[in-house]
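First up is the structure itself, then whatever we jot down about it.
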Amino acid sequence: MKSVDAHLADILATVRTLAPLELELERALGTTLAEEVSSPVPLPPFDNSAMDGYAVRAADVSGVPVTLPVVDDVAAGSDELRAVGPGHAVRIMTGAPVPPGADAVVPVEWTDGGTAQVTINRPVQLGNAIRRAGEDVQAGEIVLKPGTVIGPAQLGIIAGVGRRRVWVRPRPRIVVLSTGAELVEPGAALRPGQIWDSNSFTLTAAVRDSGGEGFRAPTVGDDPAVFLDQLDAQLVRADAIITSGGVSMGAYEPVKEALSPLGTVRFEKVAMQPGMPQGFGVVGDDQIPIFALPGNPVSSYVSFMLFVRPALRKMRGLPAGPPETVTAYVLATLRSPAGRRSYLRAVLADDGTVTPVHGQGSHQLAALASANALIVVPEDTTEVPSGTSVQVIRL
Ligand code: AMP
Ligand code: MG
């Protein structure tokens, strides 16, 4: 049997980082920056008021209370500024440019709020409530480096330096294709022998959760020809394909039957539990990676976490490797088959303890849904006594 690490290494050696493209900001969330972003101007571009109040000369309000004539009103966006002369005040709003002559802003709360004249009750320090030009970013300064994942704040600074479009590595487009003659669309009635398709929902959501764009293709039955047709139809819009089901040792394994003859997809036994049968390779003229995951719901999800998620990181241009683990203390005795790495569904608590959930079968999706972690039991370990420290993958 092939080791989990060797299987992941093969996958990461095959999958390629997506080429950069220029996107409108509206489409850039969750993508990876592929250029250096710098600011053409200082930010803020001009000295401006941090508060609503009065622009004054600080020396004029050293003795309080003092009453000054209000000679002008400046709102944010004003471009006609009258200078503040000695003994004068100008009413000013947050974000408005500080008029020449003024060297401090008195918050409105320290005054009577007058409009023709204002009585100021507290002295003010030089520079008070003035946001200086370039205080956030100097002209020409780099604000974001390539390889940064664009979240809301990163999108904000890209817009904030005046950019409309940005070079990024896009979110990988991943098509999820479930197979199984027994599968019925959720919402439809079950006939004897049928189950509702859950994997395509889990996997599409897992793709989105991992920074990709997940597309759920129409589910197909167990006919390899129908599977190939659907695969062909989906290839045009995919950076990678995930299939579920039809890869194990039985009869009616459409994915294996359809893809094995191509010679570009390998079906192997990987030394893990759950999820031993795994297929991986490339398909189509563009050599699109395909992950042929086992059909059992827990197996397909664990396989996604171990193999597809790191591959998605590589496609996005991010450092990619096995899932991160944390150390925890297990509160039950664990058993694991010799020669296979186990991933036991568990609840990791804030106090650093971890407890396996009831129901470790690879079909037990409800148990998976109650878990927030996987306990990793190494290949050569068959029993882990309660109280031992273990490695845990957060879900
Ligand atoms: P297979 O890998 O096709 O042999 O399927 C293994 C098990 O997983 C069988 O019990 C299937 O009914 C179940 N299964 C396969 N695909 C799905 C799916 N999309 N949703 C839920 N269960 C599935
Ligand atoms: Mg099947």
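The values are calculated or read from the model by the stated rules, or taken from the named source; none is laboratory data. Computed from a prediction, not measured in an experiment: that's the story for all the values here. Please note: Cβ atoms are built from the backbone with ideal geometry, for glycine as well, and neighbour counts cover all protein chains shown. Note: accessible area is taken over every heavy atom of the protein model, side chains too, but ligands, DNA and RNA are not part of it. Shrake-Rupley method; radii C 1.70, N 1.55, O 1.52, S 1.80 Å.
Tell me, please, whether a residue that is buried (at least 21 other Cβ atoms within 10 Å of the Cβ), of a type outside the set (A, V, I, L, M) and either within 16 Å of ligand 2 (Cβ to nearest atom) or free of Cβ contacts under 8 Å to residues at least 12 places away in the same chain (or both) can be found in region 311-318.
No, region 311-318 has no match at all.
How about region 326-389: which strands (runs of 3 or more DSSP E) wholly inside it have at least 3 residues that are closer than 24 Å to residue 269 by Cα?
Working: elements: 326-330, 341-348, 353-356, 373-377.
Qualifying strands (runs of 3 or more DSSP E): 341-348, 373-377.
Take the residues in region 261-271 that are more than 15 Å from ligand 1 (Cβ to nearest atom) and touching a residue at least 12 places away in the same chain (Cβ under 8 Å), then tell me which one is nearest to residue 301 (Cα to Cα).
Here the residue is 271.
Note down all Cβ pairs under 7 Å where the first residue falls in region 343-359 and is buried (at least 18 other Cβ atoms within 10 Å of the Cβ), the second is of a type in the set (S, T, N, Q), and they're at least six residues apart or on different chains.
Going by the 7 Å Cβ cut-off, the qualifying pairs are 344/360; 345/360; 346/355; 348/372; 357/370.
Does at least one position in region 254-266 carry a residue that is open to solvent by 30 Å² or more (accessible area, probe 1.4 Å), closer than 27 Å to residue 343 by Cα and within 15 Å of ligand 2 (Cβ to nearest atom)?
Going residue by residue through region 254-266, those that are open to solvent by 30 Å² or more (accessible area, probe 1.4 Å) are 256-257, 260-264, 266.
From the residues that got through so far, the ones that are closer than 27 Å to residue 343 by Cα too are 256, 266.
Next, only the ones that are within 15 Å of ligand 2 (Cβ to nearest atom) stay: 256.
Within region 254-266 (the criterion being open to solvent by 30 Å² or more (accessible area, probe 1.4 Å), closer than 27 Å to residue 343 by Cα and within 15 Å of ligand 2 (Cβ to nearest atom)), the answer is yes, since at least one residue qualifies.
Which numbered condition trips up residue 296, out of (1) more than 14 Å from ligand 2 (Cβ to nearest atom); (2) open to solvent by 40 Å² or more (accessible area, probe 1.4 Å); (3) within 21 Å of residue 375 (Cα to Cα)?
Evaluating residue 296 over (1) more than 14 Å from ligand 2 (Cβ to nearest atom); (2) open to solvent by 40 Å² or more (accessible area, probe 1.4 Å); (3) within 21 Å of residue 375 (Cα to Cα) leaves (1) as the failure.
Name the one entry in 191, 173, 216 that is over 23 Å from the mean Cα position of the chain (by Cα) and of a type in the set (Lys, Arg).
None of the others qualify; the one that does is 191.
Give region 203-227 a look and list any residue that's away from ligand 1 (no atom under 11 Å from the Cβ), of a type in the set (A, V, I, L, M) and not in a helix (DSSP H, G or I), or say none.
Matches in region 203-227: 217 only.
Within the group 230, 273, which residue is buried (at least 16 other Cβ atoms within 10 Å of the Cβ), within 29 Å of residue 381 (Cα to Cα) and not small (Gly, Ala, Ser)?
273
Return only the number of the condition from (1) outside any strand (DSSP E or B); (2) surrounded by fewer than 21 Cβ atoms within 10 Å (Cβ to Cβ); (3) out of contact with any Asp or Glu (no Cβ under 7 Å at 6 or more places or on another chain) that residue 84 does not satisfy.
Only one criterion in (1) outside any strand (DSSP E or B); (2) surrounded by fewer than 21 Cβ atoms within 10 Å (Cβ to Cβ); (3) out of contact with any Asp or Glu (no Cβ under 7 Å at 6 or more places or on another chain) is unmet by residue 84, namely (2).
For residue 125, indicate whether it is under 30 Å from residue 57 (Cβ atoms), surrounded by fewer than 20 Cβ atoms within 10 Å (Cβ to Cβ) and not aliphatic (A, V, I, L, M). Spell out the reasoning first.
Numbers: under 30 Å from residue 57 (Cβ atoms): yes; surrounded by fewer than 20 Cβ atoms within 10 Å (Cβ to Cβ): yes; not aliphatic (A, V, I, L, M): yes.
Yes; evaluated as a whole, the condition is true for this residue.
Could we say that residue 257 is of a type in the set (Asp, Glu) and closer than 28 Å to residue 168 by Cβ here? Break it down stepwise before answering.
Numbers: of a type in the set (Asp, Glu): yes; closer than 28 Å to residue 168 by Cβ: no.
So residue 257 does not fit the description; no.
Could you tell me which of the residues 250, 211, 221, 245 is at positive phi and within 13 Å of ligand 2 (Cβ to nearest atom)?
Values: 250 fails: at positive phi; 211 fails: within 13 Å of ligand 2 (Cβ to nearest atom); 221 fails: at positive phi.
Residue meeting the stated conditions: 245.
State which residue is surrounded by the fewest Cβ atoms within 10 Å (Cβ to Cβ) when the search covers only region 236-252 and only residues that are farther than 11 Å from residue 293 by Cβ and at pLDDT 95 or above.
So, considering only residues that are farther than 11 Å from residue 293 by Cβ and at pLDDT 95 or above, the one surrounded by the fewest Cβ atoms within 10 Å (Cβ to Cβ) is 239.
Any residue at all in region 220-229 that is of a type in the set (Phe, Trp, Tyr) and under 30 Å from the mean Cα position of the chain (by Cα)? Before the answer, list the steps.
Of all residues in region 220-229, those of a type in the set (Phe, Trp, Tyr) come to 227.
Then keep just the ones that are under 30 Å from the mean Cα position of the chain (by Cα); that gives none.
Within region 220-229, not a single residue is of a type in the set (Phe, Trp, Tyr) and under 30 Å from the mean Cα position of the chain (by Cα).
Kindly provide the set of residues from region 58-81 that are open to solvent by 20 Å² or more (accessible area, probe 1.4 Å) and in contact with a Pro (Cβ under 6 Å, 6 or more places away or on another chain), ordered by number. Give the steps one after another, and end with the answer.
Of all residues in region 58-81, those open to solvent by 20 Å² or more (accessible area, probe 1.4 Å) come to 59-60, 62-67, 69-73, 75-81.
Hits for region 58-81 are 62, 64, 81.
If residue 200 satisfies every condition in (1) touching a helix residue (DSSP H, G or I) at 6+ places or on another chain (Cβ under 6 Å); (2) within 11 Å of ligand 1 (Cβ to nearest atom) but one, which is the exception?
(1)
Cβ contacts < 8 Å: first residue at positive phi, restricted to region 367-393; second residue open to solvent by 50 Å² or more (accessible area, probe 1.4 Å), any location; separation 6+ or different chain. Result?
Listed pairs, sorted by first residue: 387/329; 387/331.
Anything in region 221-260 that is among the hydroxyl-bearing types (Ser, Thr, Tyr) and touching a residue at least 24 places away in the same chain (Cβ under 8 Å)? List them, or say none.
As a first pass, look at region 221-260 and keep what is among the hydroxyl-bearing types (Ser, Thr, Tyr): 243-244, 248, 252, 260.
Correct list: 243, 244, 248, 252.
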